[in-house]
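The values are calculated or read from the model by the stated rules, or taken from the named source; none is laboratory data. No experiment lies behind these values; they were computed from the predicted model shown. Cβ: placed from backbone, ideal geometry, glycine included. Neighbour counts: every protein chain shown.
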Amino acid sequence: MIRRILLTLLAGAAVLLVPWTVYLAHTLPDRYDTGQWRTAWVGFDVALLLCFATGAWLGLRRRRAAVPLLSATAAMLCCDAWFDVMLGWTSAERWTSIALAVFVEIPVAVLLALAARRLLSSAMPRRTVTLRDIELREDPRYQLVTRELPAVTEEIARRTGLERAEVADCLKTLRDNGFVRRERKGSWASIQQDLREPRPDDYDGADRERVTAFLDAKYANEVALLSWAAAHRDEFGPWSTAQRTSTRLTEEEFRELEAEYHELIARYSQRRRRPTAEEKELSLRFYAFPPPEAATV
């Protein structure tokens, strides 16, 4: 409903702007004296400065909130270039305005728009686990291959003991199902995804039993992993943390909390840098659920 209303508003605005633009083209004078000229331009540049500063701060932290701000900054730069050139067309500074527009303002606007697009596309793709995903997870070969990533095919074959052709076939299947991608230099890397649990009620018969068994096995593995972590907690040194709390939230607030968590994970999971000796692989979990009514936590 909201999407339909928004699209209607956008389409309606586009239609209404046609006669309005024609009207302005026939009624506006070529020259117009106005006050507050200095205030208007200084205020515009102050707003542009704030957009640059805030966008840089958000962009460095890979916050998705930077996307609309970078887009707005790009639009403001294009407006700045347009009015600088048009309003200074008959002045002695015309060529300076044109040079700034062509070589500074418009290129920077394009770079900001591309940066916004990159931040927008860097979010982890979200989808629900399918029966095909369950099938891949049940095949130990795919687990062996994905554990060795990032690596080239030959290196994965050497580490896992699988034949090269078998590894190549596994990688192709994983790529076709959105789990891995091939980098420019030929190595394979995992694709971070936000995989949602399937609902057994969405399936019938044997498929429903298979989904239920998958979820049972998943949570059994989670319990086993947490039990192992509790037994070895003194061995992790500074590389472990455990926190819990209880709070009351509306469903909307809960969804906001979940979205912020996924944004945080995406920000740290998709950083573009080479692995270093100081890094460690960490298992991260996020669970939230209503406790038993009689529980005291």
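Here are a few things to note about the model shown:
- Residue check, Phe103 outside the structural domain of Phe52 (by TED's automatic domain parsing) and of a type in the set (Phe, Trp, Tyr): no
- Residue match in the range 268-278 (condition: part of a loop (DSSP other than H, G, I, E, B), surrounded by 13 or more Cβ atoms within 10 Å (Cβ to Cβ), within 30 Å of the chain's Cα centre (by Cα) and not assigned by TED's automatic domain parsing to the domain that holds Glu148): yes
- Residue list for the range 148-161, filter: of a type in the set (Asp, Glu), surrounded by 14 or more Cβ atoms within 10 Å (Cβ to Cβ) and in a helix (DSSP H, G or I): Glu155
- Of all residues in the range 198-226, those satisfying the criterion of being farther than 16 Å from Glu138 by Cβ and either part of a strand (DSSP E or B) or in contact with a strand residue (DSSP E or B) (Cβ under 9 Å, 6 or more places away or on another chain) (or both) are Arg199, Asp202.
- The residues listed here are Gly59, Gly88, Gly35; of these, the one that is touching a residue at least 40 places away in the same chain (Cβ under 8 Å) and more than 30 Å from Asp169 (Cα to Cα) is Gly59.
- Candidates Ala220, Ala288 - the one that is loosely packed, with under 13 Cβ neighbours inside 10 Å and outside the structural domain of Glu148 (by TED's automatic domain parsing): Ala288
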